[in-house]
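Asks: One structure coming up, written as structure tokens, with questions to follow.
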Amino acid sequence: MSDIADRVKKIVVEHLSVDEEKVTEAASFIDDLGADSLDTVELVMAFEEEFGIEIPDDAAETIQTFGDAVKFITEAS
Amino acid sequence: MFDLTGKTALITGASGGIGGEIAKALHGAGATVGLSGTRVEPLEALAAELGERAHVLPCNLSDAEAVTALPKQAAEAMGSVDILINNAGITRDNLFMRMSEEEWASVVEVNMTATFRLCKGVLRGMMKARWGRIVNISSVVGATGNPGQGNYAAAKAGVIGMSKSLAYEVATRGITVNAVAPGFIETAMTEKLTDDQKSGILTQVPAGRMGTPGEIAAAVLYLASPEASYVTGTTLHVNGGMAML
């Protein structure tokens, strides 16, 4: 697993208080990891800080799963 | 009680009567205050009067870019914005049938849309801190209506609906959002009224007098305090009984 994926996973595990094994490529933040809509906003904020990038609102809406987040951040950074 | 030591507060309309008193009340409770308004001189005079822990942050609330930039400027000056008081307001009274699009739009822009923008701008920091207080200054006429103030009443009622919606969204993050609805208060805004108008108004006020800016500031101080942590989405009416809501 890439360094980016590891860092993203760490944020997700900490923020949503979920087991690491549950954070799979296809895991949906809301449907599988118990996030509410405000949690997803906070996750995006945390990603922005961790990776020093800007994630615009329309892009943030497309980040639904752990895999989406890793893909977006890999392309953006 | 009501100790705001270590907290930072951004107050719009701090050059006005009510805003100035709010700034003094929060500052007096120990908060660092960011004084915003369009007129720089009264802001600087107030900052000088308060001494330490006071920053002047001029902003024209009808300028969308300036409004969006204000929370960032405030956070740079004070380190954070823990408390936001949306107090600034304008009136452009006219009978409904004569009200221009411009009179409508300017009042909605400053009294409601600027409040939306500022709330949005401070939320990120408050969410991270898991603590925040937003107090939006509405008006009794937002609840009762007032002839000649269709624009102002609409904007002030809008602020209440907006506050409640935002209160729902952020309640789990330790952020409260409330409104204070003043009745008739002795300020420059009500000084424009004639003596006849004033005595007419006072017949509707059980307390038999106008309120003072300090009485509004006390309500704001309470809602901004740690003690009010379980109070959110409410509107505190401070109006001498003129509308018991």
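The values are calculated or read from the model by the stated rules, or taken from the named source; none is laboratory data. The structure presented is a predicted model; accordingly, all values stated were derived computationally and were not measured. Here the Cβ is made from the backbone with ideal geometry for all residues, glycine too, and neighbour counts use every protein chain on show. These accessible areas exclude ligands, DNA and RNA; they are computed on the full protein's heavy atoms, side chains included. Shrake-Rupley method; radii C 1.70, N 1.55, O 1.52, S 1.80 Å.
Asks: Does any residue of the stretch B:148-156 turn out to be surrounded by 19 or more Cβ atoms within 10 Å (Cβ to Cβ) and without any contact (Cβ under 8 Å) to a residue 24 or more places away in the chain?
Replies: Taking every residue of the stretch B:148-156 in turn, at least one turns out to be surrounded by 19 or more Cβ atoms within 10 Å (Cβ to Cβ) and without any contact (Cβ under 8 Å) to a residue 24 or more places away in the chain.
Conditions tested, residue by residue: (1) over 20 Å from B:C119 (Cβ atoms); (2) among the polar types (S, T, N, Q); (3) in contact with a helix residue (DSSP H, G or I) (Cβ under 8 Å, 6 or more places away or on another chain).
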{"site": "B:L4", "(1), (2), (3)": "no, no, yes"}
{"site": "B:I11", "(1), (2), (3)": "no, no, yes"}
{"site": "B:S15", "(1), (2), (3)": "yes, yes, yes"}
{"site": "B:G20", "(1), (2), (3)": "yes, no, yes"}
{"site": "B:H27", "(1), (2), (3)": "yes, no, yes"}
{"site": "B:G30", "(1), (2), (3)": "yes, no, no"}
{"site": "B:G37", "(1), (2), (3)": "no, no, yes"}
{"site": "B:P42", "(1), (2), (3)": "yes, no, yes"}
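Asks: Can you confirm whether the stretch A:55-67 contains a residue that is away from chain B (no Cβ under 14 Å) and of a type in the set (A, V, I, L, M)? Working first, answer last.
Replies: To start, the set of residues in the stretch A:55-67 that are away from chain B (no Cβ under 14 Å) comprises A:56, A:58-59, A:61-67.
Within this subset, residues satisfying the condition of being of a type in the set (A, V, I, L, M) are A:59, A:63.
Yes, because at least one residue in the stretch A:55-67 is away from chain B (no Cβ under 14 Å) and of a type in the set (A, V, I, L, M).
Asks: Moving to a separate point now. Among the residues of the stretch B:163-196 satisfying the criterion of being small (G, A, S) and assigned to a helix (DSSP H, G or I), which is farthest from the other protein chains (Cβ to nearest Cβ)?
Replies: Across the stretch B:163-196, the extreme among qualifying residues is B:A188.
Asks: Limited to the stretch B:106-139, what total is found for residues that are outside any helix (DSSP H, G or I), basic (K, R) and away from every other protein chain (no Cβ under 14 Å)? Quick ask: steps written out before the conclusion?
Replies: Initial filter on the stretch B:106-139 (outside any helix (DSSP H, G or I)): B:130-139.
Then keep just the ones that are basic (K, R); that gives B:130, B:133.
So of that shortlist, the ones also away from every other protein chain (no Cβ under 14 Å) come out as B:133.
So the answer is 1.
Asks: Are there any helices (runs of 4 or more DSSP H) wholly within chain A with 1 or more residues that are in contact (Cβ under 8 Å) with a residue 40 or more places away in the chain, and if so which?
Replies: Values: elements: A:3-16, A:37-51, A:57-60, A:66-76.
Where helices (runs of 4 or more DSSP H) fall fully within chain A and carry at least 1 residues being in contact (Cβ under 8 Å) with a residue 40 or more places away in the chain, they are A:3-16, A:37-51, A:66-76.
Asks: Can you find even one residue in the stretch B:72-89 that is without any contact (Cβ under 8 Å) to a residue 12 or more places away in the chain, open to solvent by 20 Å² or more (accessible area, probe 1.4 Å), within 14 Å of another protein chain (Cβ to nearest Cβ) and closer than 21 Å to B:L35 by Cα?
Replies: no
Asks: Sort through A:V23, A:V70, A:V44 and tell me the only one that's touching a helix residue (DSSP H, G or I) at 6+ places or on another chain (Cβ under 6 Å) and farther than 28 Å from B:M126 by Cβ.
Replies: Numbers: A:V23 fails: farther than 28 Å from B:M126 by Cβ; A:V44 fails: farther than 28 Å from B:M126 by Cβ.
After ruling out the rest, the residue left standing is A:V70.
Asks: Just checking, which of B:I160, B:I201 is open to solvent by 20 Å² or more (accessible area, probe 1.4 Å), modelled with pLDDT under 95 and part of a helix (DSSP H, G or I)?
Replies: Working: B:I160 fails: modelled with pLDDT under 95.
Being open to solvent by 20 Å² or more (accessible area, probe 1.4 Å), modelled with pLDDT under 95 and part of a helix (DSSP H, G or I) holds for just one of B:I160, B:I201, which is B:I201.
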